[in-house]
Every structure is written in C-alpha cells, then in structure tokens.
Amino acid sequence: MALLEATNVTKRFGGLTAVNDFTFTVEKGAIDSIIGPNGAGKTTFFNCITGFYQFEEGDIVFNGNSVSGRSTDQITRMGISRTYQNIRLFSQMTTIENILVGMEPQLHTSWIGALFRLPSTVKEESDALDEARRLLEFVGLKGKGDEISRNLSYGDQRRLEIARAMAAKPKLLLLDEPTAGMNPRETAETTEFIRRLRDELGITILLIEHDMRVVMGISEHITVLDYGAKIAEGGPSAIQNNPKVIEAYLGRGAAASATIELEN
Amino acid sequence: MSSQLDLRNTARVGLLAGVITLGVSAVGMLESFDKRDLIIGLLTLGQLLLFSAPFAAGFLVTRGEDKVDTGEAVVGGAVAGALTAVPLIALILLTLAAPNIRNSLVNVSPELISLLSLGASEIVGSLLLLVGMAVLGVAGAMFHVLPDAIRKPLISGLGWMLGFAILSEVSLNILRPILGRGLMRALFGTKGITPLLAAIIFVVAIGLTIWWSKGGQQRYEDRKAAMSEEQRKQSRRISIGVGIVSLLILPIILGTYLTEVVDNVGLFILMGLGLNIVVGFAGLLDLGYVAFFAIGAYVMGILTSQGDLGIAGMSFWLALPIAVGAAVLAGVTLGIPVLRMRGDYLAIVTLGFGEIIRVLATSDLLKPYIGGAQGILQIGKPTIFGFEMVKPIHFYYLILAGVGLAVFVASRLRDARLGRQWMALREDEDVAEAMGIHLVSTKLLAFGIGAAFSGLAGAIFSARLSSIFPHSFNLLISINVLSLIIVGGIGSLPGVVVGALVLVGLPELLREFAEYRMLLYGALLIAMMIARPEGLWPSPITKREFHAAEEEEALGGVQ
Ligand SMILES: Nc1ncnc2c1ncn2[C@@H]1O[C@H](COP(=O)(O)OP(=O)(O)OP(=O)(O)O)[C@@H](O)[C@H]1O
Ligand SMILES: [Mg+2]
C-alpha cells in the first residue's frame, strides 16, 4: 500500500485553480520529487497535505487515514513533517530550542510536572535534550546549538529546518526546495544528506526542487506539475526526454530555461 | 582631514537640545523642578535639567569619533552649547517684546524667565546663559578628550553625588533613626542635601573609583579566579543568602513611608510578571490586563468586607484563592473568543475588555452589589495566628511572598516545555501549530496564569487599602504595566523588577515628576526604543547545548 495517496485533489484560490485534479502516490521508503515551473502549484500541494490549506475536491490519504479536515498539528502527529520554501525557523530561539520544539509530538509531560520538577518531567526533558543534541550532530550543526537561529548561515538554517522536521520522527518528510540558495558544495552535501535520511533512518522523502542535478541525482520517481495539473511522471531518464516537460520549461522563456539543464 | 568637525551635525544637536529644553520649559516642568533643591543653595533640580542640555549636546557632538583633539572638542562643544541657549534666549527676548505672551503660554512666568536668565536682567541674563551654556558644552565635549584615569572617577563622583541628591528622601528616611538630629541637619535639608554631604560623597566616590582601578579590581578578580569550584559554589550560596536576608530586613531599614512605596512597586512587579507571561513569553498583546487586577480586588472586597456590600465576611486567606480563581476564570473566558485573533485585533479586543470591566464597576446596574462609584469599604485585613496585618511592613512580606511565588512559577515554566511552546507561538503561530503544538491550551494557559498573578495583586491591593473604587482600575494601569515590561526588557524576569523600580518607584520618590509622569514615560519609551530596544535588563539566551550541567545546578538554586 502506498504511504501517501492523493486522488483528484483540486485547490482553488478564487478564480485560480492552483492544483487541478491531481492524483499522486508516494510509496513507502521512496525518494520522490515534484517539479514544475514557478507557480505550478507545488507548494500549494504541500500545503494541502499538511493541513495549511483545505482543498475543495478529492482526498489525500496518509498511511490509511484521510488528512482532510484535520488541523496542522494533528497531521504532524500522524507522521508528516515538512520544511518551508522560505525558511520559517523560530528565528529568536536557539538552534537546539528549535529542535526541541520540533520534538513536540514525542513529549507528553504537563506544565504542572515542570512546576514541581516531577521526576518524570525531568527525565523526559533531559532525554529530549540528549536526543536534540544527537540530531544536531547528525545534521552537522554540532557546536552551534546555543546560537540564535537567525544568526546561522543560510545553509545551516536549511539544515536546521530539516533537523527540526526530523525531530518529530516523521514517516514522511516533505522538503520544499531544500537546496535553494545553496552553493554547489552545500547542494552536494545536502543531496547526500537527504539520501542518508532515507537509507539510515528509513524516512520516506518527497521533495520539491528546481535544481535538476539534485532531482535527477536522487529521485526514484518524478512528477511534473504545470498550471496545477500533472503533465508527466516517471523515472529521471523518462522525464528528461519527455517532450511535454521540455515544452513546459523551455516554452516559458529564458529565465526558466536557465535553471534547467536537462541533458545533465 | 578625516576628523574635521561636522558643523552641520553640531548645529543640529545644539539646536535640538535647545528646542527640547524650550519645550520642557513651556510645559512648566523646568519651573516646578526648580522648587526642588538638590544641593542646598547651589543646585536645584530645575537647574540640573537646564544645564544638562548643553552638556549633553557637547557630549553628543564629539561622541563616536575615535580620536578627538582638544581644539576640536572646545570649538564643537562651545558651538553646540551656545546653540542650545539660542531658543531659550529667543524666549527671554520674546517676553520683552511681547509682555502679554503669558496669555497664550501660561507657563512662561516671570519665575521661569528669571530662572533662564540666571537671576540677572533679561539682556545680561541672555548673555550669561549663552556663555554659560557654551562653557558647559565645552565641558561635555571634553569628556571624550580626558584620559580614562580622570574621566572615570569624575563620572562616578558626579553620578553618585547627583543620584544621592535626587534620591535624598530615601537616605533621609533611612538615616533619620540612626543619626542624631544635629548631624542630620548638617547633611540634609528638607529637600535635597547640603553642600557638605555633596562634597563628602563626591570625594568618597572618586577615591573609591581610583582605588578600584588602581588595583582593587585586579585583586578582586585574581581572588575570584583562584577560587576552587567548591569555593565558588560556596560564595554563590553566600551571596544568595545575603540577598534573601537583605530582602527580609529591607522594610525595617526603609521605614514606613518608603516601605509603602516599595509595596506599590511590588504589586506592579507582580502584575508585570503576569503580563510578561502573556506578552513577553507568548507574544499575545493584551491591553486590558487591568481587568484581572480589578476582578481580584473586587472579589476580595465583596467576600471580606464588613460593610453593607460584604456578602460572606470571609477571612482574607479563604477569599484569596477564590479571588485568584475568579481572575483565572476571567482570563480563560477572555482567551476563548480571541483564540484566532492576532496582533492588532487582539490588542483592541483586550483593550475593550478592560474598559468593559471598568464601566461595569462604575455602572448603576451592578451598584447594589459592588457599590458603583462609591466602591467597596471596610475590606477585611489578613490575619496570621490572630495577628492582624495592617502596616505597610506587614504587607511588604505578603507581597514579597507573592512576588517570590510568581518568579518561581514564571521561571520554572519558562525553562520547561510550556515555555518553549509559548516562545514558538510568539515567533510564528502557524509553524508552531504545524510542529504539533496545541494552540488552544497553550494560549489559554498563558492568559490564565497571567491573570492569576494580576488577580493576586488585585486581592492584596484591596486588602491593603481597605476600600476600593472603580477609578483605580483604569487603562493607565494596563499601560503602566506594559511600559514597565518593555523598559525592563520584554520577556525578562529581572527586567520586570528593574522596569517597575524605574517606572513606578522613581516617580513616587520624585514627587516633582508625578505631574509629568506621562510625559516622562513617553520620552523614556522613545529613548529606549532608539538607544536600547532590548530593554534595561534583557533576558539572556539559555544555553542548552554546552552549559546544560551548569544550568541544572543553577536552576536547583533559589530563583
Ligand atoms: N494563499 C494564496 N492565495 C492566492 N493565491 C495563491 C496562494 N498561494 C498560492 N497562490 C497561487 O497559486 C499558484 C501556485 O502557487 P505555488 O506557490 O503553489 O507555486 P509553486 O509551484 O510552489 O511555485 P514556486 O516554484 O515559485 O515555488 C500561484 O499562481 C500562486 O500565485
Ligand atoms: Mg513553491
């Protein structure tokens, strides 16, 4: 059974149909990508999955349960975590505090316990701190835990966002342009890192990405959106040679064509 | 030349200082401050205000340059100082040209003009003012030229002397029972200190500063560095112990009047700690915070009053949890409808809530129950083992206990999971929710706990005054509490204390300021936002990755 199954999802903003009758699946353990020109509706689809938007038609089923009508926090607790295209860290909080907040679905003690320092609360907090430190090391931010996250470099902020998302121990991780704004070396590191997430931790990954080197390098299955609708799907080589995809990108002038290197 | 004097800037700073002083004179502040002596026969508060303008102008003109040469400082300071005098001279001359000016500017009295013209005739006085201010401007500018070895002692000498003079009432109250009458008369006047005491303080402060920089500091730091871990803990414990003991004996030292002031400050600290949870921790801008204070006070009043409106004649201690509970209930009840509101909308709705409570308290509708404008009288006093708490000193300990409890709760929660949830909520509500944080309970806890502290303050307030009236619960209280949080450093617990001391304590001690309280609040808030937006005592970053062990030890201590 597929981990995520979207059937005929449609999301409109007034007269604009941002996602149009979109049917889509992600298998457990996969690394899949959604690509498409700017404004194609990719981020909007992520927002539909995670409960930021309610979609008008269709259904999205995760792990056997429909996500429609649920709030964002409930969906996170179901096992879906995400990062944001325009980084949305808690910018005045430290790196490690960001991760601790990400751990929310794992935490259960109440404020009364904190008031009286009950042993169970103290234990949960110190375990959480250990786990946060471990995650910090895993994403390569060791030593930067006490920095205010706003002061981190751009690449580190993206990494921290991934760490925060992973802290919830998700089954499915949605990454919205994880390498945007990174230099080639950081991009290569992040690509490798995403693969490790799946290989070592078994997290299923769905990413939106404009950098074709990243997409073609790690995706097993690629879906192409244009004007909210699916125009193609398949493995990297099939997508590269699909005339509809080439047209969707190249037909839109030089700006779009510059970002895509299909023969790579 | 890179360090050429910037004439434009000099002129601007000088004139600005002059215009501000002109404004301060025109509202009557200068004149009323002149009635307060600082150093008897030598300096009044009004004169200090007047003279600090050219001094500050000269100081600001040369600030920020790496190396100021003497000639430049003299010229810049003189120009800035003289320009400060210009608007004031214009005012003096205006009174000559138009003797009826007082009809439109009520505060431009002959006394003010005589103060500005330094007691001389208008023309001579104007010249004196010009020269005097130029000299003061030079003095201000020279501060950057002087070597550290002279500047530091001088600053501390002047600072202590003036600070002592401004707060002379505090020392007067403290020292009166200790020193003999003759000695008191030699040191203090009815308002302000004598030149003798001023000189003593000046010399002692300079002496101590020189001693400190000439080796005292070095020795202190060496000794501290040489301490072992065990000794360091020991000295930490000792200083905490000393802190607690001083808090306990404080009202005995201060005497009745000052203790009353401290009680007042304490109630504001208590409210500040509560609002700090709502606004500082959780980022929910609440402008109707006074409502919970009022509810705490009224519930305490109704339940314990021996008068006509009392319904239960309960004891203070029995009524206290009910009063606090009522405030919490109100906090949560207000919280529910505003759950989905943010920023400005939230501020406006809470503002309205505060007003509703005040209007209800004044209304005829509830008059049979809570007394309308006549308020509630004969509210019961707390008793402990048959001992009735009536004096300020008794309430001091009650308030201290309340503040201690509030600090304890606020600091524990801040460092726990709930504190993180609040912070995340403050930073980005949508993402916080997406992280799995339950917005409803997180927000309601902030409103509820915040209201609890305010209700506690209200209940104590009510018992302390024995009678309460609706006009005590106006919007100004909410604004005061919010201002003290901002001035202290939003989200910071020591900041609340500092903010309350500055915004509530100081104006009570300087009664001359009382009339201009709002003006000073405004000026202070603007100045803070420009110069120190993080507040006087901002909250430090909690170190979690590296200092975890140390932190845990620290948290185990007294908070
Ligand atoms: N909240 C909203 N209200 C109205 N229109 C919206 C909203 N969010 C997105 N849109 C519109 O929906 C369309 C799809 O936007 P979306 O952000 O999903 O594109 P995208 O594929 O992520 O593009 P990009 O590659 O630039 O990130 C765009 O035309 C956008 O303007
Ligand atoms: Mg997008």
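Values computed for the structure shown
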quantity: Cβ-based net charge around B:ALA463, under 14 Å, with every Lys or Arg adding one and every Asp or Glu removing one; calculated: +1
quantity: Dipole axis of chain A (+1 Lys, Arg; -1 Asp, Glu on Cβ), positive-most option in A:PHE62, A:SER33, A:ASN151; calculated: A:ASN151
quantity: Loss of accessible area when A meets B, both sides summed, Å² nearest 100, probe 1.4 Å; calculated: 3300 Å²
quantity: DSSP-defined beta bridges in the protein assembly as shown - what % are antiparallel, rounded to 5; calculated: 60 percent
quantity: Fraction of accessible area attributable to carbon and sulfur, the stretch B:254-550 (%, probe 1.4 Å); calculated: 70 percent
quantity: Accessible surface of the stretch B:148-215, 1.4 Å probe, proportion on carbon and sulfur as whole %; calculated: 74 percent
quantity: All aspartates and glutamates inside 15 Å of A:LYS11 as judged from Cα atoms, apart from same-chain residues fewer than 8 positions distant; calculated: A:ASP21, A:GLU56, A:GLU57, A:ASP59, A:ASP226
quantity: Solvent accessible area, Å² - A:THR72, 1.4 Å probe, full protein context; calculated: 10 Å²
quantity: Three-way shape label, the stretch B:103-212, alpha-carbon gyration tensor, a/c 1.5; calculated: oblate
quantity: Mean accessible surface per residue for the protein assembly as shown, computed with a 1.4 Å probe while every protein chain stays in place, in Å²; calculated: 46 Å²
quantity: Set of the stretch B:314-337 residues, backbone N closer than 18 Å to the point 7 Å along the Cα-Cβ line of B:VAL359; calculated: B:334
quantity: Whichever lysines have a C-alpha closer than 25 Å to that of B:LYS152, once near sequence neighbours (fewer than 8 apart) are set aside; calculated: B:LYS67, B:LYS214, B:LYS224
quantity: Nearest 10 degrees, 0 to 90: helix B:229-275 Cα axis against chain B principal axis; calculated: 90 degrees
quantity: Cα long-axis angle, helix A:119-138 against chain A (0 to 90 degrees, to the nearest 10); calculated: 40 degrees
quantity: 0 to 90° range, to nearest 10: angle between helix B:517-531 axis and chain B longest Cα axis; calculated: 80 degrees
quantity: Student exercise, the stretch B:148-215 dipole from Lys, Arg, Asp, Glu Cβ charges, in Debye to nearest 20; calculated: 120 debye
quantity: B:LEU183, B:LEU510, reordered so the largest accessible area comes first (probe 1.4 Å); calculated: B:LEU183, B:LEU510
quantity: Cross-link partners of A:LYS144 among lysines (Cα-Cα below 17 Å; sequence separation of 8 or more within a chain); calculated: B:LYS543
quantity: Low-density loop cleavage sites - chymotrypsin sites (Phe, Trp or Tyr not before Pro) in the stretch A:65-137, where at most 15 other Cβ are within 10 Å (DSSP); calculated: A:PHE116
quantity: Cβ-placed point charges (K, R +1; D, E -1), dipole of chain A about Cα centre in debye, nearest 20; calculated: 360 debye
quantity: Carbon plus sulfur fraction of accessible area for the stretch A:95-244, probe 1.4 Å, in percent; calculated: 54 percent
quantity: Selected from A:LEU206, A:LEU115, A:LEU197 as most flexible by GNM, with chain A as the system and alpha-carbon contacts under 10 Å; calculated: A:LEU115
quantity: Hull volume in cubic angstrom per residue (convex hull over the Cα atoms of the protein assembly as shown); calculated: 252 Å³
quantity: The protein assembly as shown, dipole about Cα centre (Lys/Arg Cβ +1, Asp/Glu Cβ -1), debye to the nearest 20; calculated: 2100 debye
quantity: Partner chain coverage, peptide A:162-175 - average Cβ within 10 angstrom; calculated: 1
quantity: Mean separation of Cα contacts under 8 Å, 6 or more apart, over the residue count of chain A: relative contact order %; calculated: 26 percent
quantity: Distant-in-sequence amide H partners of A:ASP226 (H built 1.01 Å from N, under 5 Å); calculated: A:ILE231
quantity: Largest-first ordering by accessible area, 1.4 Å probe, given options B:ARG511, B:ARG36; calculated: B:ARG511, B:ARG36
quantity: Global geometry of chain B, whether rounded, prolate or oblate, following the gyration tensor of its Cα atoms and the 1.5 cut on a/c; calculated: prolate
quantity: Positive-pole candidate from B:GLY296, B:SER228, B:VAL487, dipole of chain B, charges at beta carbon; calculated: B:SER228
quantity: Under 5 Å, built H, 5+ apart or other chain: amide partners of B:GLY489; calculated: B:LEU536, B:TRP537
quantity: Length gained when the stretch B:ARG340-B:LEU175 is fully extended (0.36 nm per residue, less Cα-Cα span); calculated: 53.8 nm
quantity: Residue of A:GLY145, A:GLY113, A:GLY58 that the Gaussian network model of chain A assigns the largest fluctuation, springs spanning Cα pairs under 10 Å; calculated: A:GLY113
quantity: Amide H contacts under 5 Å for B:PHE188, placed H, 5+ residues apart; calculated: B:THR194
quantity: Partner chain coverage, peptide A:79-90 - average Cβ within 10 angstrom; calculated: 2
quantity: 1.4 Å probe, heavy atoms, protein only - residues of the stretch B:427-443 losing at least 10 Å² accessible area vs chain alone; calculated: B:GLU427, B:ASP428, B:ASP430, B:VAL431, B:GLU433, B:ALA434, B:MET435, B:GLY436, B:ILE437, B:HIS438
quantity: Per-residue HN-Hα couplings for the stretch B:437-452 [Karplus 6.51, -1.76, 1.60; θ = phi - 60°; Hz; x = Gly/Pro]; calculated: 7, 7, 5, 4, 5, 5, 5, 5, 5, 5, 4, x, 5, x, 5, 4
quantity: Karplus (6.51, -1.76, 1.60) ³J(HN,Hα), θ = phi - 60°, over the stretch A:217-223, in Hz, Gly and Pro reported as x; calculated: x, 10, 6, 8, 9, 10, 10
quantity: Whole-Hz couplings from phi, Karplus 6.51/-1.76/1.60, listed for the stretch B:391-401; x for Gly and Pro; calculated: 7, x, 5, 5, 5, 4, 5, 5, 5, 4, 4
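The values are calculated or read from the model by the stated rules, or taken from the named source; none is laboratory data. Being a predicted model, the structure only gives us computed values, none of them experimental. Cβ atoms come from the backbone with ideal geometry, glycine included; neighbour counts cover every protein chain shown. Calculation scope for accessible area: heavy atoms of the full protein, side chains included, ligands and nucleic acids excluded. Shrake-Rupley method; radii C 1.70, N 1.55, O 1.52, S 1.80 Å.
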